[in-house]
1. What is the number of the single condition among (1) open to solvent by 40 Å² or more (accessible area, probe 1.4 Å); (2) not in a loop (DSSP other than H, G, I, E, B) that GLY95 does not meet?
2. Tally time: how many residues in region 50-64 are touching a helix residue (DSSP H, G or I) at 6+ places or on another chain (Cβ under 8 Å) and either part of a helix (DSSP H, G or I) or open to solvent by 50 Å² or more (accessible area, probe 1.4 Å) (or both)?
3. Looking at region 118-136, can you tell me whether even one residue there is open to solvent by 20 Å² or more (accessible area, probe 1.4 Å), out of contact with any Ser or Thr (no Cβ under 6 Å at 6 or more places or on another chain) and modelled with pLDDT of 80 or more?
4. Hey, can you tell me all the residues within region 146-187 that are modelled with pLDDT under 85, within 20 Å of GLU111 (Cβ to Cβ) and touching a helix residue (DSSP H, G or I) at 6+ places or on another chain (Cβ under 7 Å)?
5. Kindly evaluate LEU80 against the criterion of being over 17 Å from ASP117 (Cα atoms) and in a helix (DSSP H, G or I).
6. Within 30 Å of GLY206 (Cα to Cα), at pLDDT 80 or above, within 14 Å of the chain's Cα centre (by Cα) and buried (at least 20 other Cβ atoms within 10 Å of the Cβ), is that true of PHE109?
Amino acid sequence: MRTTARRTHEVAVPRRRMPRAEREAQILSVAEEVFADLGYQATTMDEIAERVGVTKPLIYDYFGSKDGLLIACVDRARTLLADTTEEALQQLPPGAPVDEVLRCGIAAFFEFIDEHDLAFRLLHQESAAAVSTERDVERIRAQQGAVIVGFLRRSPGLAEVPEQLVEGYAEVVVGACERVAVWRTHRDGVTAADATDLVVSAVWTGLRTLTGAAATA
């Protein structure tokens, strides 16, 4: 009796080729999560490649190194934070009072953190990252300070205040926001609105003095 072997035909599911920009965005999203969860030193490219579902050489081809990948993640977070803050402040009417400008910018920062928790955690691991990444994080602080200076300078009450003073207050705002944001991670129940009120109340007294001095000058 002749036996005919049965052949099982398996239909392979073709792997969808993803455009480079889309693949880069996917890798960055996964890498952001891994860096935030494990820290820079403990993160491996193997772990990221496995979670993304690509080969490790592909990630090296896109970003060059683990340091390059981290820098790309930080840069994306920097751009997103800047866009979020700028967009919020652009909603204010021309000539908005200084206190409204201040509150709007600070609220945008804390709301960004609530919506992008992984990005915030990533930005605050710079002490464990490469020096080049530390410089990028400092660029974020300078960027936020510049945005605040630009909008404060447009406020009528600060038009005559010396540039150095406005820049100094912008640095105070950036530093206060950053420290309160870190503090919030250990204090359940402190909302973005609570954090905004805290920073505004701490900074506004000084700014109000400046606006009063400018008005009587």
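The values are calculated or read from the model by the stated rules, or taken from the named source; none is laboratory data. Quick caveat: nothing in here was measured; it's all calculated off a predicted structure. Every residue, glycine as well, gets a Cβ built from its backbone with ideal geometry; the counts of neighbours run over all protein chains shown. The area values use the complete protein model at the heavy-atom level, side chains included, leaving out ligands, DNA and RNA. Shrake-Rupley method; radii C 1.70, N 1.55, O 1.52, S 1.80 Å.
1. It is condition (2) that GLY95 fails.
2. Summing the residues that are touching a helix residue (DSSP H, G or I) at 6+ places or on another chain (Cβ under 8 Å) and either part of a helix (DSSP H, G or I) or open to solvent by 50 Å² or more (accessible area, probe 1.4 Å) (or both) in region 50-64 gives 9.
3. Yes, that holds for at least one residue.
4. Those that are modelled with pLDDT under 85, within 20 Å of GLU111 (Cβ to Cβ) and touching a helix residue (DSSP H, G or I) at 6+ places or on another chain (Cβ under 7 Å): VAL147, ILE148, PHE151, LEU152.
5. In short, no.
6. Yes; evaluated as a whole, the condition is true for this residue.
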